[in-house]
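The values are calculated or read from the model by the stated rules, or taken from the named source; none is laboratory data. What you are looking at is a predicted structure, and each value in this text was computed from that prediction instead of being measured. As a convention, Cβ positions derive from the backbone with ideal geometry for all residues, glycine included, and neighbour counts pool all protein chains shown. Keep in mind that these areas ignore ligands, DNA and RNA; they rest on the heavy atoms of the full protein, side chains included. Shrake-Rupley method; radii C 1.70, N 1.55, O 1.52, S 1.80 Å.
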Amino acid sequence: MPRLFGTDGVRGLANRDVSAELALDLGAAAAHVLATSGQFDGHRPRAVIGRDTRLSGEFLGSAIAAGLASAGVDVIQVGVLPTPGVAYLTSSMDVDLGVVISASHNPMPDNGIKFFARGGRKLDDAVEDAIEARLGAQWERPVGAQVGSIGEDARAADRAYVDHLVSAVGVDLAGLRIAVDCANGAASAVGPLALREAGADVVVINASPDGRNINDACGSTHPEQLQAVTVASGADLGVAFDGDADRCLAVDHTGALVDGDQIMGLLAVAMKEEGTLANDTLVVTVMSNLGLLLAMRDAGIATVQTAVGDRYVLEAMRAGGHTLGGEQSGHIINSAHASTGDGLLSALLIGAQVVRTGRPLADLASVVRRLPQVLVNVPGVDKSRTASDEALLDAVAGAERELGETGRVLLRPSGTEPLVRVMVEAASQGQADDVARRLAGVVKDRLAL
């Protein structure tokens, strides 16, 4: 059986893969596992639950609240709030568990459940495995005054999170016009509010969620609307969030996209100059563009590379004591202010850097010159032999010699399919296309099932 928890919680088609029954069981199982680990010793446990704007989030949130309360946990439901907002509340409200009902950038029919431990950090794999193993187990239910309560406190939660964001920026954004695409998601209310309270003039699109339109041709996965609105409104820059607002991509005043690698690059350089980039190191994944790695080397900033997934970035940041990391997709983690990726925080920090320097975003982002990157999926292959087939390894080594310092090859076996992803970066698009095509052919010939 595949593992229930993925790299970002439990996720799937709502009311099929992720049902009310599963949510109920997950709530009770999580309470049991944390209780037996000693986390609840000496006090009555508390949990906070937030969600994005999907219709299914209402019944899933109610179900997991019921599961937690049935196991003796007092629950505070904060309604629609970005994932990083729930993480922040988990660290600031003296609660034992945070729960987010969201499928992030996935289409509306999907939904998911992810947990934060005390302090606002994602649960370790071992804890998630223990919760999964506990599902459906027999247990002695509390009765009487020992059952948990369920309350609501959405307005205070929004206020606390916005205040936290504004205080983290430390710069008045007055005079800066920012276009914002909220993806009809969790940032639809608090995103524009935080930017306005930080002083920016805000132009808002896709902030009218109806339960069905989250991520629908908008947000960070579809930035075309934002690009057009940024130019048409004369904005200095634009920012786009995904459904749960843990991602942020940006657009400069010309409408050009500024991706997560470029955002990390400009923030890393700024933090190094300020003396706040711990160990002068940036943590990235293996999918970050080689252009970012070369730019950081030239700026005197070391890079640590991890597997794909923001949880692996977080693990490396904690292990090394680093303060900045993220992914090309726009998950940016600044550990001085957040315990997970925070799209709203990233947007505010980008705006603050434009104000501090007096330089347009296009100029700041130019610190990273993205190299052409090609990704080819090769299906129907024995992915287990990717790292052991000598002829394939020889072909990769030859390609790397051909590409030199301004190129890179990466072979990534899929986690769920008989498929290998061939990623090639090169100095020119033509060279990247050619090398990727040739290596994909070798993978197909050598690893065919």
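So here's what we get for this one:
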item	result
Stokes-Einstein D for segment 77-221, Kirkwood Rh over Cα pairs, 4 °C, 1.567 mPa s (µm²/s)	75
Radius, Kirkwood style, for segment 335-449 when every pair of distinct Cα atoms is counted (Å)	16.6
Span from the segment 170-249 Cα centroid across to the segment 369-416 one, whole angstrom	36
Loop sites in segment 146-225: trypsin sites (Lys or Arg not before Pro), DSSP, at most 13 other Cβ within 10 Å	Arg212
Projected label distance in nm at Val143 and Leu294, using a 7 Å step from Cα toward the beta-carbon	7.2
Separation in nanometres of the label points that stand 7 Å from Cα toward Cβ, at Ala278 and Asp382	4.4
Share of carbon and sulfur in the accessible heavy-atom surface of the chain [1.4 Å probe, %]	51
Reference-scaled alpha-carbon Rg (2.2 N^0.38 Å with N residues) for segment 327-366	1.23
Per residue, in Å², the accessible surface of the chain once ligands and nucleic acids are set aside, probe 1.4 Å	39
Selection of GluC sites (Glu not before Pro), segment 138-218, meeting DSSP coil and at most 12 other Cβ within 10 Å	Glu140
Modelled FRET efficiency - R0 25 Å, Glu21 with Glu417, Cβ distances, 0.05 increments	0.35
Built amide H within the under 5 Å cut-off of Gln77, gap 5+	Ile49, Gly151, Glu152, Asp153
Contact order normalised by residue count of the chain, Cα under 8 Å, 6+ apart, percent	12
Calculated P(r) tail over 15 Å for segment 92-140, as whole % of Cα pairs	60
Separation in nanometres of the label points that stand 7 Å from Cα toward Cβ, at Arg44 and Asp153	1.3
Cβ-placed point charges (K, R +1; D, E -1), dipole of segment 206-314 about Cα centre in debye, nearest 20	200
Long-range amide H partners of Gly330 with built H, under 5 Å	Gly260
Extension gain from His222 to Thr254, taking 0.36 nm per residue of separation minus the Cα-Cα distance	9.8 nm
Debye log10 I(q)/I(0) at q = 0.10, 0.13, 0.19 Å⁻¹ for segment 184-277, Cα point scatterers	-0.28, -0.47, -0.94
q = 0.10, 0.14 Å⁻¹, the chain: log10 I(q)/I(0) [Debye, one scatterer per Cα]	-0.74, -1.32
Radius ratio Rg over Rh of segment 240-306, counting only Cα atoms, Kirkwood formula for Rh	0.99
Stretch gain in nm, segment Ala319-Ser233, where the contour uses 0.36 nm per residue and the Cα spacing is subtracted	26.6 nm
Within a Gaussian network of the chain (alpha carbon springs, distance under 10 Å), most fluctuating of Thr303, Thr90, Thr53	Thr303
